[in-house]
Amino acid sequence: MSLGKAMIHARKQKSVAKVTAVAGDHAALQSSHILQMPVLVLNASYEPINICGARRALVLVLKGIARTEEEHGLTLHAQRSRIAMPSVIRLLEYRRIPYQTRALSRKNILLRDRNSCQYCGVVLPSSELTLDHVIPRSRGGSSSWENLVACCHACNRRKGNRLLAEMDDMGLLREPRPFSLHTSRQIMRMLGRGDDRWRKYLFY
């Protein structure tokens, strides 16, 4: 093979390798996205109790802790098999759910407040929101469900270290409460509005 032909052949091989790599990256991103999709979790009694990611749902099903009640219509392609992605799973053993089921965390505060600033109502991605102590910590406020709210950075700066009673143009849109099972069900209904596979379990 001449030098010119060898160089052309090498360039073609390099192009094929790039296409293969891009296809592989795309498949990996697609699989990652599928595994993060929300799945409705039912108790053994068919009562909706939680929402988890598809990855966690698959683990529960594969371990025999839950069974798939509704499929999403998507398939995860593993190396030697194809797995139908669940949309709704049901626990095989009944779990007693306490009144307050979620830990106090930034993620759960934002979920409770539906990613909306509790002062102005703007809805933003999680990365663009912060948490605000309604009663500032410097003034005796605690880090609790009743004193933490989702807040946009503009409102956070405007409120600063003041109490709401000291401000005429700022107030809470909703009273902050603990993340109860009732709150979870409201969020489940909100997320499940567009999915007929969820609707029959959420008492629409």
Check your understanding: Just checking, which of SER144, SER138, SER105 is in contact with a Leu (Cβ under 8 Å, 6 or more places away or on another chain) and hydroxyl-bearing (Ser, Thr, Tyr)?
Key -> SER144
Check your understanding: Taking into account only those residues within the stretch 72-128 that are closer than 16 Å to LEU62 by Cβ and among the polar types (S, T, N, Q), which is modelled with the highest pLDDT?
Key -> THR75
**Study point:** Set SER142, SER127: member being among the polar types (S, T, N, Q) and not in a helix (DSSP H, G or I)
**Key:** SER142
Check your understanding: From the set of residues in the stretch 99-133 that are β-branched (Val, Ile, Thr) and in contact with a helix residue (DSSP H, G or I) (Cβ under 7 Å, 6 or more places away or on another chain), which is nearest to GLY171 (Cα to Cα)?
Key -> THR130
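The values are calculated or read from the model by the stated rules, or taken from the named source; none is laboratory data. Computed from a prediction, not measured in an experiment: that's the story for all the values here. Glycine gets a Cβ as well: all are built from the backbone with ideal geometry, and neighbour counts include every protein chain shown.
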